[in-house]
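Visitor: Just passing along the structure, written as structure tokens.
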Amino acid sequence: MKALKTRTFFGFAFPIMLSIFLYWDSDYFATHYFNGRLMLNVIIVSYFLLMLAAADLKLKKLMIGMVLLSIFGEQLFCNWLNMYDYRDNAIPFYVPFGHAIVLGSAYMLHEVTNKYNTKKKIEKIAPFFFGLIFSVAILFFKDYLTLILGILFFHSLIRKKWNPFYCYLALYVLTIEYIGTYFGIWTWKLKAFGYIPTLSPPVAIAYAYIGATSLLTRILKFLERRKLLPA
């Protein structure tokens, strides 16, 4: 019962906790108080470790794997492809752990809500919701990166039969992206790869997490079959 309550907290607390946490790394906080990035590094890593302790074995492997994959992903998309910039032009230490927290929060939310048979409701609501916000971004704001990522997003979610976990993950990604850009912690370039018009943030950027999680799941299954990780 205690474990269930802990996972329920982590599953539902994500938007509120991340709003508070990211405020401490905002331009406003740094200007009016002090640079809160060092403090936030400690807080996010601590939150990650607490969540990891409450996770089942599968989620533990996913979260640790996401941290490692995110280190490479941040270098690729931020430093090499120059798709976005962080405040102070430096990738914060807490970011890879933050990616794992996003994944873990969606996983735990799915875990604690699954008993309420949410899948049928998600299958009806999610295609309409994501289709609507993607369409608005593409048609009214010329977010053509979302056009590309949106096609991949729908292809992936249809193949996964609108698994609620991935829908929650996409929703939580949108939440953190808009909070982070609002607070000025990171800013997306308005032309992805130098020539594809987009928004800051791109509305369909959730696909990056879905693709990364799918890739990570395949890697873990491979390692388990090779008995390099416990199944």
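The values are calculated or read from the model by the stated rules, or taken from the named source; none is laboratory data. Just so it is clear, the structure is predicted and the values come from calculations on it, not from any experiment. Virtual Cβ from ideal backbone geometry, glycine too; neighbours counted across all protein chains shown.
Visitor: Determine whether segment 212-230 contains at least one residue that is β-branched (V, I, T) and free of Cβ contacts under 8 Å to residues at least 24 places away in the same chain. Give the steps one after another, and end with the answer.
Guide: The initial filter retains those residues of segment 212-230 that are β-branched (V, I, T), namely 213, 217, 219.
Still in the running and free of Cβ contacts under 8 Å to residues at least 24 places away in the same chain: none.
Scanning segment 212-230, I find no residue that is β-branched (V, I, T) and free of Cβ contacts under 8 Å to residues at least 24 places away in the same chain, so the answer is no.
Visitor: Do you know which residues across segment 36-47 are touching a residue at least 12 places away in the same chain (Cβ under 8 Å) and out of contact with any Gly (no Cβ under 8 Å at 6 or more places or on another chain)? Reasoning before the result, please.
Guide: Applying the first criterion (touching a residue at least 12 places away in the same chain (Cβ under 8 Å)) to segment 36-47 yields 36-37, 39-41, 43-45, 47.
Correct list: G36, R37, M39, L40, N41, I43, V45, Y47.
Visitor: Restricting to segment 55-89, name every residue that is of a type in the set (A, V, I, L, M, F, W, C) and more than 21 Å from W186 (Cβ to Cβ). Spell out the reasoning first.
Guide: Residues of segment 55-89 that are of a type in the set (A, V, I, L, M, F, W, C), as a first pass: 55, 57, 59, 62-64, 66-69, 71-72, 76-78, 80-81, 83.
Residues satisfying the conditions are A55, L57, L59, L62, M63, I64.
Visitor: Looking at (1) surrounded by fewer than 17 Cβ atoms within 10 Å (Cβ to Cβ); (2) of a type outside the set (S, T, Y); (3) out of contact with any Leu (no Cβ under 7 Å at 6 or more places or on another chain); (4) part of a helix (DSSP H, G or I), which one does H99 not meet, given that it meets all the others?
Guide: (1)
The rows are residues; the columns are (1) of a type in the set (S, T, N, Q); (2) closer than 18 Å to A212 by Cα.
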site: Y28; (1), (2): no, no
site: T31; (1), (2): yes, no
site: L40; (1), (2): no, no
site: F48; (1), (2): no, no
site: A55; (1), (2): no, no
site: L62; (1), (2): no, yes
site: G73; (1), (2): no, yes
site: F77; (1), (2): no, yes
site: M83; (1), (2): no, yes
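Visitor: Moving on. In segment 54-73, how many residues are surrounded by 18 or more Cβ atoms within 10 Å (Cβ to Cβ), assigned to a helix (DSSP H, G or I) and not basic (K, R)?
Guide: Taking segment 54-73 as the starting set, the residues that turn out to be surrounded by 18 or more Cβ atoms within 10 Å (Cβ to Cβ) are 54-55, 59, 61-63, 65-67, 69-70.
Okay, now just the ones that are also assigned to a helix (DSSP H, G or I), so 54, 59, 61-63, 65-67, 69-70.
When the remaining residues are screened for being not basic (K, R), the result is 54, 59, 62-63, 65-67, 69-70.
Qualifying residue count, segment 54-73: 9.
Visitor: Output the residues belonging to segment 140-161 that are surrounded by 23 or more Cβ atoms within 10 Å (Cβ to Cβ) and assigned to a loop (DSSP other than H, G, I, E, B).
Guide: Residue satisfying the conditions is D143 alone.
Visitor: Out of everything in segment 174-205 that is among the hydroxyl-bearing types (S, T, Y) and outside any helix (DSSP H, G or I), what residue ends up being surrounded by the most Cβ atoms within 10 Å (Cβ to Cβ)? Talk me through it step by step, then tell me what you get.
Guide: Restricting attention to segment 174-205, the residues satisfying the condition of being among the hydroxyl-bearing types (S, T, Y) are 175, 178, 181-182, 187, 195, 198, 200.
Next cut, outside any helix (DSSP H, G or I) only: 187, 195, 198, 200.
On the way: T187: 14, Y195: 7, T198: 26, S200: 14.
Among residues in segment 174-205 that are among the hydroxyl-bearing types (S, T, Y) and outside any helix (DSSP H, G or I), the one surrounded by the most Cβ atoms within 10 Å (Cβ to Cβ) is T198.
Visitor: Within segment 103-132, how many residues are closer than 20 Å to L215 by Cβ and surrounded by fewer than 22 Cβ atoms within 10 Å (Cβ to Cβ)? Even if it seems obvious, please write down each step before you answer.
Guide: Of the residues in segment 103-132, the ones closer than 20 Å to L215 by Cβ are 103-107, 110.
Checking the rest, the ones that are also surrounded by fewer than 22 Cβ atoms within 10 Å (Cβ to Cβ) come to 110.
So the answer is 1.
Visitor: Every residue in segment 110-145 that is among the hydroxyl-bearing types (S, T, Y) and free of Cβ contacts under 8 Å to residues at least 24 places away in the same chain, please.
Guide: So the first thing to find is which residues in segment 110-145 are among the hydroxyl-bearing types (S, T, Y), and the list is 113, 116, 118, 135, 144.
Across segment 110-145, the qualifying residues are Y116, S135.
Visitor: Can I ask one more? Quick check: anything in segment 65-79 modelled with pLDDT of 95 or more and in contact with a Gly (Cβ under 9 Å, 6 or more places away or on another chain)?
Guide: yes
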